Amino acid sequence: MRIGIVTIFPDFVKVIKEYGVIAQAVENGLLQIDVFNLRDFTTDKHKVVDDYPYGGGPGMVMKPEPFFRFFEFYTSNYGKPYVVLTSPQGRRFDNKVAMELATREQLVIICGRYEGIDERVMKFVDDEISIGDYVLTGGELPAMIIVDAVSRFVPGVVEEESVKNDSFYNDLLDYPHFTRPREINGLTVPEVLVSGNHEEVELWRRKESLKKTMLKRPDLFLKHQFDELDKKALISLFKELMKDAR
Ligand SMILES: C[S@@+](CC[C@H](N)C(=O)[O-])C[C@H]1O[C@@H](n2cnc3c(N)ncnc32)[C@H](O)[C@@H]1O
């Protein structure tokens with residue numbers, strides 16, 4: 001997958017491809033992440049990207065011409081991308097949106113600054129995405145969040161089994177994890193995890209997932225589509241509760 005990020009702060013954004021799983025995916029050629037400096041698409045000596053708003057009022061607005069030049073450059077070199085504008089006015093970003101974006105061959109993400117971009121740039125935009133109901137100073141952090149979450153759904157970047165067990169995949173939160181040592185300061189690992197019984201481990205994990213989701217995110221729990229393992233886990237959970245209540 002090819003991802004382009006358009007920003008006036010390229011050094012800020014570049015770090016996204018320098019660490020961890022994403023750095024590995026870039027190295028293995030699963031992801032290509034290009035960070036474009038919007039100022040490279042200006043023509044004046046001072047590389048100005050903002051101007052006063054028509055109609056007056058506070059703040060500055062990102063000028064349209066550098067974006068027009070950028071899209072002309074991009075499409076003539078790489079073809080038509082799916083274009084996302086980071087914006088507090090967009091649809092809310094979540095796991096499902098990330099999965100959907102990961103199916104695109106080419107994604108370009110625009111980082112706004114100041115009061116936002118000149119409305120005429122919207123002619124290039126396919127999707128407006130918000131990372132939450134608050135206003136940030138720029139689209140760089142949202143773009144990095146989008147790239148990180150989307151990358152995890154690009155085949156091969158993260159083990160498929162791991163993605164499927166993660167929180168939100170099936171409207172469930174992830175189960176608790178433990179590693180060595182088996183005991184620390186009197187705190188031990190649940191016996192079932194060291195039993196070697198894979199079926200029991202699977203059942204225990206699903207029970208814990210259901211329990212966590214019910215308690216922390218009842219809204220997700222009510223959306224979850226229950227499969228056979230869920231039913232078995234719920235019955236087992238219910239039996240445990242009844243036993244404790246007696
Ligand atoms: C100060 S904000 C502009 C806010 C704009 N005047 C408004 O109220 O809708 C500057 C830029 O930060 C980015 N941004 C701010 N909050 C965001 C959010 N919650 N989600 C995504 N992008 C955001 C956008 O790219 C936006 O153009």
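The values are calculated or read from the model by the stated rules, or taken from the named source; none is laboratory data. From a predicted model like this one, the values you see are computed outputs, not experimental measurements. Note that each Cβ is placed from the backbone with ideal geometry, even for glycine, and that neighbours are counted across all protein chains shown. The protein model used for the area step is the full one, side chains on, heavy atoms only, and it has no ligands, DNA or RNA in it. Shrake-Rupley method; radii C 1.70, N 1.55, O 1.52, S 1.80 Å.
Structural remarks
- Any hit, the stretch 235-243, residues being open to solvent by 60 Å² or more (accessible area, probe 1.4 Å), at pLDDT 95 or above and under 26 Å from residue 94 (Cα atoms): no
- Residues in the stretch 87-105 that are within 7 Å of the ligand (Cβ to nearest atom) and open to solvent by less than 80 Å² (accessible area, probe 1.4 Å): 87, 88, 90.
- The one condition from (1) within 11 Å of the ligand (Cβ to nearest atom); (2) within 16 Å of residue 2 (Cβ to Cβ); (3) free of Cβ contacts under 8 Å to residues at least 24 places away in the same chain that residue 141 does not meet is (2).
For every residue, the table says whether it meets (1) surrounded by fewer than 19 Cβ atoms within 10 Å (Cβ to Cβ); (2) touching a Leu at 6+ places or on another chain (Cβ under 9 Å); (3) over 28 Å from residue 134 (Cβ atoms).
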{"residue": "11", "(1), (2), (3)": "yes, no, no"}
{"residue": "22", "(1), (2), (3)": "no, yes, no"}
{"residue": "71", "(1), (2), (3)": "no, no, yes"}
{"residue": "85", "(1), (2), (3)": "no, no, no"}
{"residue": "107", "(1), (2), (3)": "no, yes, no"}
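- Search result, residues across the stretch 40-59 that are within 19 Å of residue 115 (Cβ to Cβ), surrounded by 15 or more Cβ atoms within 10 Å (Cβ to Cβ) and not aliphatic (A, V, I, L, M): 42, 50, 53
- Filtered by the rule that a residue be surrounded by fewer than 17 Cβ atoms within 10 Å (Cβ to Cβ) and within 8 Å of the ligand (Cβ to nearest atom), the stretch 119-129 gives no residues.
- Test: residue 176 is surrounded by fewer than 16 Cβ atoms within 10 Å (Cβ to Cβ) and in contact with a Pro (Cβ under 9 Å, 6 or more places away or on another chain): yes
- Qualifying residue in the stretch 76-84 (condition: free of Cβ contacts under 8 Å to residues at least 60 places away in the same chain and either within 30 Å of residue 159 (Cβ to Cβ) or among the aliphatic types (A, V, I, L, M) (or both)): yes
- Boolean, residue 140 is under 17 Å from residue 229 (Cβ atoms), at pLDDT 95 or above, touching a helix residue (DSSP H, G or I) at 6+ places or on another chain (Cβ under 7 Å) and not β-branched (Val, Ile, Thr): no
- Qualifying residue in the stretch 69-81 (condition: away from the ligand (no atom under 16 Å from the Cβ) and under 16 Å from the mean Cα position of the chain (by Cα)): no
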